[in-house]
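See below for the structure under consideration.
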Amino acid sequence: MTIDRRDFLKTATAGAAMSLGGVTPLATGLLSPRGTPVKRREGQAPDFVVIGAGTFGMWTALNLVRLGATVTVVDAYGPANSRSTSGGETRGVRSSYGDRPHGLQWVYWADEAIRRWTQWDEEGSELLLPRVFFQTGDLIMREEMEPYLEDTVAHWDTVGIEYETLGPDEIARRWPWINPEGITTALYEPGAGVVRARRAIESVATRFTHEGGEIRIARASLGGQNGGRLDDIVLDGEESLSGSTFIFALGPWFPKFFPELMGKRLMIPIGYVFYFGIQDSRWMYPNMPSYGVPGCTGWPALPPDHRGFRVRTGGKAGDDPDTSDRWADLESHDSPRRIIERYFPDLIGAPIAETRACHYELGPGGNFLVDKHPDFENVWLAGSGSAEAFKQGPVLGEYIAKRVMGLDDQPQLAEGFALPEEEFEDDFFERAARRDTTARRDSVRSG
């Protein structure tokens, strides 16, 4: 008797899931490799084709391989490229989501993601992969208690996250180089940290190929269709690539690839990051926590790169992610310098050593998107990172992989990740662009 390989995959992985005794992936995870990689026959179409090699795409692809599937990842520029949302130098990992209607679920995932980032480094060291996660702690400072802080504390109490409530005197005692003037309340999450983002995605891609996956550098377009199924995609306008299931993890390219479906369901603003040149170790890990103040997040310089002291402020309305300039123009430099003057006066006059700019994606509901394409039974959409997906990548990728393989053990989350019915209004993007222009002009005048 012969068994179809797809049926074998479903049976084998379902059995593996049952053997966990009903424990959710938040408590177990697929971070470690599972057995011998599946090797495809010459000319065999992969089980899954993942289009997009960012956080959503690479973590999903790695987890699919570890569930026993054959997987090919396609990306126009390659994993961790400078155009990608996941290609920046650093990303913060914290669990303070009191400002989100789905914040409690994100807190659970972020807390588990921190554990998995630590485990990733422990396992990666055996493969000589670079360290990517640094536990800096995260300090949120405000002039008064506000609903965001109150709801964050309530979430932390529910989940059991360790935290401290600090006043200005304690801030000044622990970090004398932070100016706490006007600050009355601060929350400190000691378990939070910062990830070297580009290196992290590179290391996920390395382990993915090491464990049997394939990465193709090519620009994809939709290929043949048969009823409600997509037969293949076309690479660079020439070669066809078939697969059983296709997962589009396109990040800011979603509106370009699916203009009718995603054109009004996703905003792709550009955020600016500045790295200030530093002269002493106060501004380096582990002497300084990551921080959040109104309108800004940042953190200390991390080894071994030592890019500098990181300040992220504002941004502007998005443009074409293929052609947009990825640097912060001079008009945008005043805002981070005001943050330095207000909270870190010892850095006044420090040079801007480097700037970064990347698109990120915002959906109408502010949550992630993990859902089937409404026109194809074998096409999935994964994205709408809301500037928070990278932090939760190790958990998010496992969830998506199990979902597309029919092994979803958290069905209660599907509704929150559904393709939103609501769309942004027709003039929303024009109004956003006008607000951006006005804010930038006022910033220059006030500076």
Note to self: Excluding same-chain pairs closer than 8 in sequence, count the lysine pairs in the chain whose Cα atoms lie under 28 Å apart.
What the structure shows: 17
Next item on the list: Work out from phi, with θ = phi - 60° and the Karplus expression 6.51 cos²θ - 1.76 cosθ + 1.60, the ³J(HN,Hα) of each residue of segment 384-401, listed in order in whole Hz, and give x for Gly and Pro.
Entry: 6, x, 6, 6, 10, 5, 4, 4, 9, x, x, 8, 4, x, 5, 4, 5, 4
Item checked: Projected area, mean over directions - segment 60-211, Cα convex hull, nm² -> 11.3
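For segment 315-425, what is Rg from Cα atoms divided by 2.2 N^0.38 Å, rounded to two decimals?
1.46
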Margin query: Tell me which of 347, 156, 373 sits at the most positive position along the dipole axis of the chain, charges placed on C-beta atoms (Lys, Arg +1; Asp, Glu -1).
Written below: 347
Next item on the list: Give the share of C-alpha pairs in each 5 angstrom bin for segment 178-279, from 0 to the last occupied bin, in whole percents, shortest bins first.
Entry: 2, 8, 10, 13, 16, 14, 11, 8, 6, 5, 4, 3, 1
Notebook entry, point to check: Hey, can you rank 362-368, 378-384 by average C-beta count inside 10 Å, highest first?
Noted result: 378-384, 362-368
Item checked: On Cα atoms only, tilt of 5-18 relative to the major axis of the chain in degrees -> 50
Item checked: Nearest-ten-degree value, helix 197-210 long axis tilted from longest Cα axis of the chain -> 20
Next item on the list: Return the calculated 222 nm mean residue ellipticity for the chain, to the nearest 500 deg cm²/dmol, obtained by summing -39500 (n - 2.57) across DSSP H runs with n ≥ 4 and dividing by the residue count.
Entry: -9500 deg cm²/dmol
Notebook entry, point to check: Which whole-Hz couplings ³J(HN,Hα) result when phi for each residue of segment 159-164 is put into the Karplus expression 6.51 cos²θ - 1.76 cosθ + 1.60, θ = phi - 60°, listed in order with x for Gly and Pro?
Noted result: 7, x, 7, 6, 7, 10
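Suppose every Lys and Arg Cβ carries +1 and every Asp and Glu Cβ carries -1, with no other charges. What dipole size does the chain come out with about its Cα centre, to the nearest 20 debye? Don't jump to the answer; show the numbers that get you there.
Working: 48 positive and 65 negative charges, 204 e Å.
Result for the chain is approximately 980 debye, rounded to the nearest 20.
What does the charge add up to near residue 233, with Lys and Arg as +1, Asp and Glu as -1, over the other residues with Cβ less than 13 Å from its Cβ?
-3
Going by average Cβ neighbours within 10 Å, how do the peptides 277-285, 244-252 rank, with the highest at the top? Show your work: numbers first, answer last.
Working: 277-285: 15.7, 244-252: 25.6.
So the order, starting with the most tightly packed, is 244-252, 277-285.
Laboratory data are not the source of any read-out in this text; all were calculated from the coordinates shown. What you are looking at is a predicted structure, and each value in this text was computed from that prediction instead of being measured. Neighbour counts are summed over all protein chains in view; Cβ atoms, including those assigned to glycine, are modelled from backbone coordinates with ideal geometry.
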